[in-house]
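The values are calculated or read from the model by the stated rules, or taken from the named source; none is laboratory data. Note that the structure is a prediction, hence the values are computed from the model and not measured. Methodologically, a virtual Cβ is constructed for each residue, glycine included, from the backbone with ideal geometry; neighbour enumeration extends over all protein chains shown.
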Amino acid sequence: MQLHWNMERQFQMQKVMFKEVFNIKNLKGLEVVEHGCSLASLSMGETVFNAARGIDTHSYKLPLGVCAGVAPFNFPAMIPLWMIPLSITLGNTFILKPSERVPTTSILLAKYL
């Protein structure tokens with residue numbers, strides 16, 4: 001049931017994106033969404049024991065807090081899809097300013113998130 005719901009949601013999203021802007025570059029936005037789903041393992045820190053004699057190193061990757069983006073009128077779906085999934089999956093809050101000419105795309109992106 002859950003798999004069917006996600007596939008149905010993905011189909012609706014693709015239909016909306018191609019209805020607003022018929023451009024093959026919107027598929028790049030969907031590729032970034034897929035990559036954003038795999039960021040949980042990539043965002044972990046690292047630990048190196050014995051980097052030098054008696055020295056251990058630790059790195060932690062922490063969220064920035066708040067990220068913002070502006071959707072242009074000529075790519076109202078692709079550019080936000082480059083920004084939104086990466087910032088949200090890494091634990092940040094994302095603020096999107098929609099395009100004045102094509103605000104429907106940003107509204108539908110937020111609705112489907």
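Worth pointing out:
- A51 exposed (fewer than 13 other Cβ atoms within 10 Å of the Cβ), modelled with pLDDT of 90 or more and either outside any loop (DSSP other than H, G, I, E, B) or among the β-branched types (V, I, T) (or both): no
- Total residues in the stretch 82-102, condition more than 19 Å from E34 (Cβ to Cβ) and free of Cβ contacts under 8 Å to residues at least 24 places away in the same chain: 0
- Within the stretch 94-113, the set of residues being of a type in the set (A, V, I, L, M, F, W, C) and in a helix (DSSP H, G or I) comprises I107, L108, L109, A110.
- Contact annotation: residue pairs with Cβ atoms under 6 Å, 6 or more positions apart or on different chains, pairing a residue in the stretch 43-56 that is free of Cβ contacts under 8 Å to residues at least 40 places away in the same chain and on the phi < 0 side of the Ramachandran plot with a partner that is in a loop (DSSP other than H, G, I, E, B) and surrounded by 10 or more Cβ atoms within 10 Å (Cβ to Cβ), are G45/K61.
- Options E100, E34, E46: the member that is of a type in the set (D, E), surrounded by fewer than 11 Cβ atoms within 10 Å (Cβ to Cβ) and touching a Ser or Thr at 6+ places or on another chain (Cβ under 8 Å): E46
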